[in-house]
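Colleague: Got a structure for you, written out below as structure tokens; questions coming shortly.
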Amino acid sequence: MKSLTELEQFEPDSRIRAWVLAALNERDQALQERDQTIQERDQNLAHKDQCLHQKELKIQALILELAHLKRMRFGVRSESMGHVQPDLFEEFQEEDKAEVIETLEQATASTETPPKPRRQGAGRQTLPDHLERIIHRHEPESCACGQCGQDLVLIREDVTEQLDVIPAKFFVHRHIRPQYACRSCETVQAAPVPPAIIDGGMASPGLLTWVVINKFLDHRVL
């Protein structure tokens, strides 16, 4: 096809020339429209990419927020200290007692030593003899009578035992509280009972801590 300059110099027929010029103008207009359409399409794609990037950032932020909420809801709860200190094991006292009893039964299942008969008036069985004993002897602050000043004499010993545990090892704290009496005024004196988390309980703080850790922490470590 000849160029537009050549067509302008060539004048065979004014109608043919007008038709060719109209066709060329129509082609140029179509090319301009195509270029404009391509440009608009590129702008739309850029806008969609920007919107997609913003949505991905929002999704990541929601995922992080959800993970944080899960840790707050299902993670290990910290103990808050208020003005009045509550009983640390009050909520799980009955469950802890049941687990301690089950642990004792498992520890004594492998031994053939028959259990000792219960003492008169006692509400629980004595701890197995094969467990290691750590003796704690609690003497009074003074061996003199607080009433008359005379020397005290030993009349009996009050013995209580608590079951404790080192990982994979059980042992017993034996607390011996000698009781002394004054021959002159018959006053009996002894050291105070060591404090315990559960009054009259057989589980020591170490055993209760071990039970709580196994129940609420170690089962999460897989």
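The values are calculated or read from the model by the stated rules, or taken from the named source; none is laboratory data. Note that the coordinates shown come from a computational prediction; the quantities given were computed from them, not determined experimentally. Cβ placement follows ideal geometry from the backbone for every residue including glycine, while neighbour counts extend to all protein chains displayed. To get the accessible areas, we keep the full protein, side chains included, count just its heavy atoms, and leave off ligands, DNA and RNA. Shrake-Rupley method; radii C 1.70, N 1.55, O 1.52, S 1.80 Å.
Colleague: What FRET efficiency would be calculated for the residue pair residue 159, residue 74, taking the C-beta separation as r and a Förster radius of 41 Å, to the nearest 0.05? Present the calculation step by step, with values, prior to reporting the outcome.
Modeller: Numbers: r = 45 Å, r/R0 = 1.09.
Between residue 159 and residue 74 the formula returns 0.40.
Colleague: How many nm is it between the label spots at residue 62 and residue 29, if each spot is 7 Å from the Cα in line with the beta carbon?
Modeller: For residue 62 paired with residue 29, the spin-label model returns 4.8 nm.
Colleague: Then there is this: Ignoring ligands, DNA and RNA, what accessible area per residue does the stretch 24-73 give at 1.4 Å, in Å²?
Modeller: 99 Å²
Colleague: Sticking with this structure for a sec: With an 8 Å Cα cut-off and a minimum separation of 6 or more residues, compute the relative contact order for the stretch 160-209 in percent.
Modeller: The value is 39 percent.
Colleague: Using the Karplus curve 6.51 cos²θ - 1.76 cosθ + 1.60 with θ = phi - 60°, work out ³J(HN,Hα) for each residue of the stretch 182-190 in order, rounded to whole Hz, and write x for Gly and Pro.
Modeller: 8, 5, 7, 10, 6, 8, 9, 9, 8
Colleague: Another question about this same structure. Can you give me the % of accessible surface on the stretch 150-218 that is carbon or sulfur? Probe 1.4 Å, all protein chains present, nothing else counted. Mind dumping the intermediate values first?
Modeller: On the way: 2160 of 3860 Å².
The computed percentage sits at 56.
Colleague: Might you work out the accessible area of residue 27 for me, using a 1.4 Å probe with all protein chains in place, and round it to the nearest 10 Å²?
Modeller: Its heavy atoms expose roughly 130 Å² to the probe.
Colleague: Each residue of the stretch 128-134 in order: what ³J(HN,Hα) in whole Hz does its phi give by Karplus 6.51 cos²θ - 1.76 cosθ + 1.60, θ = phi - 60°, with x for Gly and Pro?
Modeller: Working through the residues one at a time gives x, 6, 6, 6, 5, 10, 10 Hz.
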